[in-house]
1. Quickly run through segment B:356-379 and pick out the residues that are within 16 Å of the ligand (Cβ to nearest atom) and either touching a residue at least 40 places away in the same chain (Cβ under 8 Å) or within 13 Å of another protein chain (Cβ to nearest Cβ) (or both).
2. Among (1) outside any loop (DSSP other than H, G, I, E, B); (2) under 16 Å from residue A:230 (Cβ atoms); (3) among the aliphatic types (A, V, I, L, M), which single condition is residue A:168 missing?
3. So which of B:323, B:414 is at pLDDT 95 or above and of a type in the set (Lys, Arg)?
4. Please find, within segment B:282-315, the residue that is surrounded by the fewest Cβ atoms within 10 Å (Cβ to Cβ) out of those that are of a type in the set (Val, Ile, Thr) and closer than 21 Å to residue B:87 by Cα.
5. Do you know which residues across segment B:384-398 are facing chain A (nearest Cβ under 8 Å) and either in a helix (DSSP H, G or I) or over 18 Å from residue A:142 (Cβ atoms) (or both)?
6. Scan segment B:380-400 for residues that are out of contact with any Lys or Arg (no Cβ under 6 Å at 6 or more places or on another chain) and away from the ligand (no atom under 13 Å from the Cβ) and jot them down.
7. Could you give me the residue pairs with C-beta distances under 7 Å whose first residue belongs to segment B:324-343 and is closer than 11 Å to residue B:387 by Cα, whose second residue is among the aliphatic types (A, V, I, L, M) and within 9 Å of the ligand (Cβ to nearest atom) wherever it lies, and which are 6+ apart or on separate chains?
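The values are calculated or read from the model by the stated rules, or taken from the named source; none is laboratory data. Because the structure is a prediction, the values reported are computed rather than measured. Neighbour counts are summed over all protein chains in view; Cβ atoms, including those assigned to glycine, are modelled from backbone coordinates with ideal geometry.
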Amino acid sequence: MRIAVIATCLGDAMFPQAVKATVEILERLGHEVVFPEDQTCCGQMHVNTGYLDMALPLVRHHVEVFADAADVSVAPSGSCVGCVRHQHAMVARRGGDEGLARAAEELAGRTYELSELLVDVLGVTDVGAYYPHRVTYHPTCHSLRMLRVGDKPLRLLREVRGLQLTELADAEVCCGFGGTFAVKNAEVSTAMLADKMANVLTSGAEVCTAGDSSCLMHIGGGLSRLRSGVRTVHLAEILASSDTERSGAGPSGTEQGTPARDIVFDTAEVGESKGVHP
Amino acid sequence: MTSTDLGMPTVAPDDVGFLRGTESFPVAAHRALADTQLRRNLGHATRTIRGKRARVVAEVPDWEELRRAGEAIKADTMARLPELLEQLEEAVTARGGVVHWARDAGEANAIVASLVREAGADEVVKVKSIATQEIGLNEALAEQGITATETDLAELIVQLSDDRPSHFLVPAIHRNRSEIRDIFLRALPGVDPDLTDEPRRLAMAARAHLRRKFLSARVGISGANFAAADTGTISVVESEGNGRMCLTLPDTLITVMGVEKVVPRWSDMEVFLQLLPRSSTAERMNPYTSTWSGVTPGDGPQAFHLVLLDNGRSNVLADEQGRAALHCIRCSACLNVCPVYERAGGHAYGSVYPGPIGAVLSPQLTGISGPDDPNASLPYASSLCGACFDACPVRIDIPNLLVQQRAASIASHRTPTAQDVAMRTVAAAMVSPARFRAAERVLGLGRFAGRSGRIRFLPYPGSQWTSARDMPTPPPETFRQWWKRTRGAGS
Ligand code: SF4
């Protein structure tokens with residue numbers, strides 16, 4: 001299958017390791033991945049902050065770039081796919097562009113979050129990953145309630161060799177990120193983060209994973225500030241990890257809260273937990 | 001939108017009632033977050049009710065169909081509200097009631113005050129009603145020398161402590177029982193000085209006080225949960241029995257009802273009486289459901305007045321997407337599941353409508369006057385996590401309404417704010433791939449990085465982030481650059 005990767009603006013600029021991992025998983029499964037280079041941003045930040053009129057050209061741009069790019073599109077982000085699927089047509093209609101709304105709906109119908117693409121479209125749960133760590137999974141709100149990905153990420157994680165899944169209490173409660181909410185209501189956001197971090201810490205996990213770099217930036221930023229000794233790793237990076245020799249394709253998990261130095265190491269050396277922290 | 005031309009829908013007045021606080025949500029929330037007692041009380045109460053609600057909802061196999069039915073009835077109601085209200089008026093009148101139309105809070109208060117005076121009373125008993133809180137009825141009556149006694153236990157607690165309600169269902173959710181004991185000892189007439197904080201003792205103390213009021217009051221005032229247009233039947237749903245007293249003992253009954261509470265048919269109650277109790281109190285069946293149509297000679301109040309309140313609702317109705325907020329049946333499920341409400345509490349919203357639905361409805365009713373309007377901050381008091389939509393028994397898409405109200409908030413800016421300018425600049429870069437790539441290259445956050453490579457401090461507004469969270473430094477290579485380097489040009 002020909003699959004267009006949506007890097008997402010945050011993934012492209014700040015967390016390229018999650019996008020690289022997405023490309024790698026899909027190529028490993030034998031698919032052709034394309035990266036439409038004119039892509040920028042789905043417009044989620046504008047939409048969710050209320051700049052619906054300004055978001056209209058962004059929606060149009062996204063549709064133009066991706067409409068004919070591939071059979072399906074994928075993003076390692078529940079919230080960006082949520083925006084494409086549940087908000088693009090609304091923005092277009094509000095702007096009076098019914099043609100764009102229809103095109104956006106058509107494109108949205110074949111745009112997937114990574115775990116959806118893997119489980120629903122490609123029909124795989126075992127992607128051949130190896131990740132020998134204790135991991136807890138935080139279902140991000142948009143994956144959970146906008147896309148209804150359900151237990152797909154967990155089904156993928158359960159197939160990862162070496163990975164020990166630990167339960168997260170109150171998993172379905174928001175971490176407090178919420179885009180501009182984290183800044184506009186920084187104190188309430190922090191209060192929510194405090195509870196999420198407490199649950200992550202009591203889970204006994206070494207790694208907290210999720211399907212959205214944005215929420216992980218928030219949770220990971222808090223865990224890093226507190227020197228908690230728990231790191232955040234995008235789901236795609238875990239699924240891309242393997243115990244076979246790979247070259248330069250990114251580490252088996254870069255702490256979202258660390259400098260993303262392009263740490264290239266032999267994953268065989270990582271063993272239990274050495275070598276990940278710079 | 002804020003036109004005051006006659007015949008045009010107008011927003012609720014600013015000087016009467018409680019739909020707008022005096023400070024923005026983040027400022028009010030700052031205080032609430034530091035109140036340890038409030039945090040524990042609210043955290044405990046919402047967690048308990050969340051768990052109970054989830055259990056009783058899971059028992060109903062057709063819960064989703066019921067939600068859809070509730071949504072459909074409400075959508076149908078809003079599509080033909082004027083017609084249904086006229087039908088209701090006819091039915092109520094035919095059964096001996098009198099219908100009054102109030103354009104806004106001021107008119108509604110004046111109508112009620114004059115009805116009370118006509119009945120020759122200076123004291124009224126009240127069933128908990130958010131509509132009468134919205135219009136500040138108790139305060140308006142007090143100005144006319146009329147004393148209103150709240151008879152719902154939690155509402156009584158709020159009234160005795162000169163407080164404001166912070167929850168639809170449990171107005172005193174922010175209080176625990178030892179605080180309640182102190183309030184009763186201070187303010188309840190004739191209270192036993194040895195009162196303990198045992199829930200039963202507290203309830204009995206309130207009961208003794210309220211019994212005296214029920215037996216002496218000649219006028220009762222209520223809100224309405226539902227009003228069936230075809231039969232003219234009004235319904236009040238409560239769980240303490242105080243409502244039944246207020247609705248049956250006085251000679252005169254005055255019901256103040258927001259116009260959106262009408263439902264087309266008596267048979268629609270079947271749907272709502274299943275949805276409401278499980279969503280609000282987590283009960284399978286509501287304990288006290290009172291229904292009455294007009295007056296019945298020799299039985300109950302011999303005069304019945306129905307005050308139909310607009311107070312900005314026509315303005316909400318005029319917005320085809322926004323009108324879904326009028327579907328709300330005030331069950332409070334969205335408050336109980338909201339992580340923002342749980343931490344900030346109801347008072348932080350300023351209005352009598354707190355929580356996710358309040359964050360939408362309050363600015364819709366009042367309109368947003370500009371960036372400094374406290375209600376302009378309400379639609380942003382959400383992480384858009386969507387828990388409210390899942391809990392809502394009538395499927396109100398609150399996250400979408402919040403986004404729409406954010407747009408309304410921005411539309412109220414007469415001159416662009418710094419944020420408006422920044423967002424415009426970013427939007428412009430985002431439709432130009434070349435400018436977007438250039439912007440990525442100069443992100444330049446790196447200069448704030450400490451030796452660890454983590455950013456621990458950023459200047460404002462980034463400081464809002466780094467106040468509690470580190471920020472990663474941008475990677476040396478973007479994904480786009482990596483793709484180009486490893487795959488060559490062209491995709
Ligand atoms: S919006 Fe829905 S969940 Fe919230 S109080 Fe109203 S009916 Fe209940």
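1. Within segment B:356-379, B:356, B:357, B:359, B:360, B:361, B:362, B:363, B:364, B:365, B:378, B:379 meet the criteria.
2. Going through (1) outside any loop (DSSP other than H, G, I, E, B); (2) under 16 Å from residue A:230 (Cβ atoms); (3) among the aliphatic types (A, V, I, L, M) one by one, residue A:168 breaks only (1).
3. Only one candidate passes the filter, namely B:323.
4. If we take residues in segment B:282-315 being of a type in the set (Val, Ile, Thr) and closer than 21 Å to residue B:87 by Cα, then B:296 is surrounded by the fewest Cβ atoms within 10 Å (Cβ to Cβ).
5. Of everything in segment B:384-398, those that are facing chain A (nearest Cβ under 8 Å) and either in a helix (DSSP H, G or I) or over 18 Å from residue A:142 (Cβ atoms) (or both) turn out to be B:387, B:389, B:390.
6. B:381, B:383, B:384, B:385
7. Within 7 Å, the pairs are B:333/B:391; B:334/B:357; B:334/B:391; B:334/B:398; B:337/B:391.
Residue by residue, here is whether (1) within 12 Å of chain B (Cβ to nearest Cβ); (2) outside any loop (DSSP other than H, G, I, E, B); (3) on the phi > 0 side of the Ramachandran plot holds:
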| residue | (1), (2), (3) |
| --- | --- |
| A:178 | yes, no, yes |
| A:188 | yes, yes, no |
| A:200 | no, yes, no |
| A:204 | no, no, yes |
| A:219 | yes, yes, no |
| A:228 | yes, no, no |
